1. Kindly establish whether residue 39 is surrounded by 12 or more Cβ atoms within 10 Å (Cβ to Cβ), under 30 Å from residue 95 (Cβ atoms) and touching a Cys at 6+ places or on another chain (Cβ under 8 Å).
2. What residue, of 82, 89, 9, is part of a helix (DSSP H, G or I), closer than 30 Å to residue 105 by Cβ and over 17 Å from the mean Cα position of the chain (by Cα)?
3. Could you tell me whether segment 70-77 includes any residue that is more than 30 Å from residue 8 (Cβ to Cβ) and over 19 Å from the mean Cα position of the chain (by Cα)?
4. For segment 53-73, what are the residues that are aliphatic (A, V, I, L, M) and at pLDDT below 95?
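The values are calculated or read from the model by the stated rules, or taken from the named source; none is laboratory data. Given the structure is predicted, the values throughout are model-derived calculations rather than measurements. Glycine also receives a Cβ, built like all others from the backbone with ideal geometry; neighbour counts cover every protein chain displayed.
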Amino acid sequence: MTIEIPQSFWLYFVFFALLALEGLFCLLATRNFLRVLIGVEILMKSVTFLLIVAGFLSGRMALAQAMVITVIVIEVVVVVVFAGVILGFFRRHDSLDTRNARRMKG
């Protein structure tokens, strides 16, 4: 029993890999908290895309959609909490530079 991988899978996989790499680059190459938040968002969108493609290729779209809804809910919670931390940091330090995070206490 062999599993046939559709030709379009590679296109989806390359798009996922590029999106994930872009998100990782945003996380690692910047010194601004808002850009880090955008990088987290891009990474979460790439995971969402991968789940949809995996569900489509396996024929289990209902499971994939349920998992994507769960990922979206988790993503919203992470973004709201991280945005609150960023707002508090900005109010205290008047900067969004990650190098100033060493001065945080708590």
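1. Numbers: surrounded by 12 or more Cβ atoms within 10 Å (Cβ to Cβ): yes; under 30 Å from residue 95 (Cβ atoms): yes; touching a Cys at 6+ places or on another chain (Cβ under 8 Å): yes.
So residue 39 fits the description; yes.
2. Working: 82 fails: over 17 Å from the mean Cα position of the chain (by Cα); 9 fails: closer than 30 Å to residue 105 by Cβ.
Exactly one of 82, 89, 9 is part of a helix (DSSP H, G or I), closer than 30 Å to residue 105 by Cβ and over 17 Å from the mean Cα position of the chain (by Cα), namely 89.
3. Among the residues of segment 70-77, not one is more than 30 Å from residue 8 (Cβ to Cβ) and over 19 Å from the mean Cα position of the chain (by Cα), which makes the answer no.
4. Residues of segment 53-73 that are aliphatic (A, V, I, L, M), as a first pass: 53-54, 57, 61-64, 66-69, 71-73.
Selection gives 53, 54, 57, 61.
Let's see how each residue does on (1) touching a residue at least 24 places away in the same chain (Cβ under 8 Å); (2) of a type in the set (A, V, I, L, M, F, W, C); (3) part of a helix (DSSP H, G or I):
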site	(1), (2), (3)
14	no, yes, yes
20	yes, yes, yes
24	no, yes, yes
38	no, yes, yes
42	no, yes, yes
45	yes, no, yes
51	no, yes, yes
55	no, no, yes
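So that you can scan it fast, the table gives a plain yes or no per residue for (1) polar (S, T, N, Q); (2) within 26 Å of residue 28 (Cβ to Cβ):
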position: 63; (1), (2): no, no
position: 79; (1), (2): no, yes
position: 93; (1), (2): no, yes
position: 98; (1), (2): yes, yes
position: 104; (1), (2): no, yes
